[in-house]
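Down below is the structure, laid out as structure tokens.
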Amino acid sequence: MDYAIETTPLEKLQCDCLIVGVYQDQQLSASAGAINNSTQGLINKIISRGDLSGKNGETVLINVVPDSPIERILLVGLGENQPLSGKNYRKALLAAVNSLKKPQIKSVVCCLAECDVIAADWQWKTRQIVEVFNDAAYQFIQLKSDKETESRLEKLGIAAPETELASVKAGLAQGRAIAEGVVLTKQLADLPGNICTPTYLAEQALELGKKYPSLDISILEESDMEKLGMRALLSVSRGSRQPAKLITLNYPGGEKNGKPIVLIGKGLTFDAGGISLKQAPGMDEMKYDMCGGATVLGTLLAAAQMQLPLNIIGLIPSSENMPDGDANKPGDILTSMSGKTIEILNTDAEGRLILCDTLTYAERYNPDVVIDLATLTGACLVALGRVPSGLLGNDDALCNALLAASETANDSLWRLPLWEEFQEQLKSNFADLANIGGKDAGTITAACFLSQFAENYHWAHLDIAGTAWRTGQTKGATGRPVPLLCQYLINRAYG
Ligand code: BES
Ligand code: MN
Ligand code: ZN
């Protein structure tokens, strides 16, 4: 989709559809008022007939606009006539884009950036428009024979006054970058495990490096990992015919020798559980176990496109987890790269095994902070559902910065405690620690396990098991938490 800033006055504008906001109690937004005047009270007529109450998210499409170069008008309810919450603003935008899925509508101009939104400027509002529209336009059709798309939207204009041009331009650039990052993340995540293997992910990373010369990509092979002593990671891939890869992305956009922000993403391209085999129902969704890795790729794409003045390192340990004659067995004990020994009591707790060696590996970058993203525990779904990602970490300042970014980005997070008491649950009779902590507090004990490999730097862990994809009828990747991480990086760069 093409995005552009539209400064043409409404009376001279030409498009397939104009999107304007209407508040409750028959109150019109500025653009709705202007159009109402130039159309002999058309909008007021519709409202007084009772066809639109102005409730947030309600829409009415006016299909004919007599004597106007604007072919259609989409009225969008905004709710009460007072500054909107960020959430309601996005709700109105989503309702608007969902009402435009008609093949005849190709070019639209959106006048919703003029709405007052609490604590938001034109830049933020522009960004949200691009993010919501782009997200709604996403369809995964590459593996279907019929490539017919639902929406034919080609061009989105964002109406803005000349006085706000700089802010809108900045919002547009950020929105485009984030939206593109989200699309990459969703596309990789929606691919099935037979296509999106560790090797495929590594190839995609190399492709990204070709597209963005500011990204340096290198791939560690199993032989490299052996030399580094990454036996926890390698123990997982040993049960699979697909070789493991450790993908590294280096974006040196900041000061020379400045400490980098390290992002680590779980890139498990299919999680069958290993010898502790998962149940059959819903197992297809374990193709999404690489969403953390896909998030790192999407976020680095966006960072490179925004040319953020930061040093960022992305690390993606990638493997399959399969049952096999050579796979990990319950009771096996292995020595991780850190030297700590691990007793595997459940081979399905494999994410922490590939992550722990990567956390140790991250030390060589002398990181400012390390943030890992992982579809790590089903328990996170039990605790928090599919609304917020889980947040745990060893540094309050980092956790608070992530929480603040999540609010701005509308990509929510909820912090869980990482108290000493929980570490007890990981005690092993035979090794330094066990890879599972029993049935209680599964998300916390998983993070406790990781914390033992992240002692030498500021670290936060995002459990995205409930937020990285949707299940059921609308099954598909969400691209979360790319918006949250991009916001965190933007805040770090300019905040
Ligand atoms: N990838 C799964 C976590 C998961 C499960 C995410 C369901 C989303 C939905 C992870 O590797 C796993 O299997 N975790 C186990 C841990 C357990 C054995 C301690 C789990 O959550 O059941
Ligand atoms: Mn598992
Ligand atoms: Zn897993």
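Some notes on this structure:
- Boolean, Ser276 is more than 25 Å from Ala477 (Cα to Cα), within 14 Å of ligand 2 (Cβ to nearest atom), among the hydroxyl-bearing types (Ser, Thr, Tyr) and touching an Asp or Glu at 6+ places or on another chain (Cβ under 9 Å): yes
- Helices (runs of 4 or more DSSP H) completely within region 1-108 that count 1 or more residues being over 30 Å from Thr408 (Cα atoms) and out of contact with any Phe, Trp or Tyr (no Cβ under 7 Å at 6 or more places or on another chain): 30-38, 42-48
- Looking across region 337-351 at every residue that is over 23 Å from Ser412 (Cα atoms) and not in a loop (DSSP other than H, G, I, E, B), the one that is nearest to ligand 2 (Cβ to nearest atom) is identified as Ile342.
- Odd one out for Tyr89 among (1) surrounded by fewer than 19 Cβ atoms within 10 Å (Cβ to Cβ); (2) in contact with a helix residue (DSSP H, G or I) (Cβ under 8 Å, 6 or more places away or on another chain): (1)
- Every residue from region 329-356 that is among the small types (Gly, Ala, Ser) and closer than 13 Å to Gly274 by Cα: Ala349, Gly351
- Qualifying positions in region 19-46 - closer than 20 Å to Lys91 by Cβ and touching a residue at least 24 places away in the same chain (Cβ under 8 Å): Ile19, Val20, Gly21, Val22, Tyr23, Gln24, Asp25, Gln27, Ser29, Ser31, Ala32
- Extreme residue, surrounded by the fewest Cβ atoms within 10 Å (Cβ to Cβ), among residues of region 326-360 that are basic (Lys, Arg) and within 23 Å of His458 (Cα to Cα): Lys340
- With respect to the conditions (1) modelled with pLDDT under 95; (2) surrounded by 23 or more Cβ atoms within 10 Å (Cβ to Cβ), Gly495 falls short on a single one, namely (2).
- Restricting the search to helices (runs of 4 or more DSSP H) fully inside region 118-221 and requiring at least 2 residues that are closer than 18 Å to Leu268 by Cα and within 20 Å of the chain's Cα centre (by Cα) gives 165-190, 198-211.
- Taken together, Leu191, Leu153 contain a single residue that is in the same structural domain as Gln14 (by TED's automatic domain parsing) and buried (at least 20 other Cβ atoms within 10 Å of the Cβ), which is Leu153.
- Selected residue (only one of Gly314, Gly274, Gly265 is away from ligand 1 (no atom under 16 Å from the Cβ) and crowded, with 24+ Cβ neighbours inside 10 Å): Gly314
- A Cβ distance below 6 Å, combined with a sequence gap of six or more or placement on separate chains, defines the contacts here; from region 233-247, residues that are under 10 Å from Leu353 (Cα atoms) reach residues that are part of a loop (DSSP other than H, G, I, E, B) in the pairs Ser235/Asn328; Val236/Glu350.
- Every listed requirement among (1) in a helix (DSSP H, G or I); (2) crowded, with 24+ Cβ neighbours inside 10 Å is met by Leu246 save one, (1).
- Within region 291-324, being part of a loop (DSSP other than H, G, I, E, B) and either farther than 22 Å from Ile195 by Cα or more than 14 Å from ligand 2 (Cβ to nearest atom) (or both) holds for Gln307, Leu308, Pro309, Leu310, Asp324.
- Within region 346-382, the set of residues being aromatic (Phe, Trp, Tyr) and in contact with a helix residue (DSSP H, G or I) (Cβ under 8 Å, 6 or more places away or on another chain) comprises just one member, Tyr361.
- The listed residue being modelled with pLDDT of 95 or more, away from ligand 2 (no atom under 13 Å from the Cβ), under 21 Å from the mean Cα position of the chain (by Cα) and in the same structural domain as Ser428 (by TED's automatic domain parsing), out of Leu376, Leu355, Leu381, Leu334: Leu381
- Looking only at region 47-62, and only at residues there that are in contact (Cβ under 8 Å) with a residue 24 or more places away in the chain and of a type in the set (A, V, I, L, M), the one that is nearest to Cys111 (Cα to Cα): Leu61
- Hey, Asn400 assigned to a loop (DSSP other than H, G, I, E, B) and modelled with pLDDT of 95 or more or not: no
- Scan of region 363-376 for residues that are buried (at least 24 other Cβ atoms within 10 Å of the Cβ) and either part of a helix (DSSP H, G or I) or polar (S, T, N, Q) (or both), ordered by number: Thr375
- Test: residue in region 322-334 that is within 16 Å of ligand 3 (Cβ to nearest atom) and basic (Lys, Arg): no
- Selection status of Thr269, in contact (Cβ under 8 Å) with a residue 40 or more places away in the chain, assigned to a strand (DSSP E or B) and more than 14 Å from ligand 3 (Cβ to nearest atom): no
The values are calculated or read from the model by the stated rules, or taken from the named source; none is laboratory data. Treat the numbers as computed from the prediction; the structure is a model and nothing was measured. We place every Cβ from the backbone using ideal geometry, glycine too, and count neighbours over all the protein chains shown.
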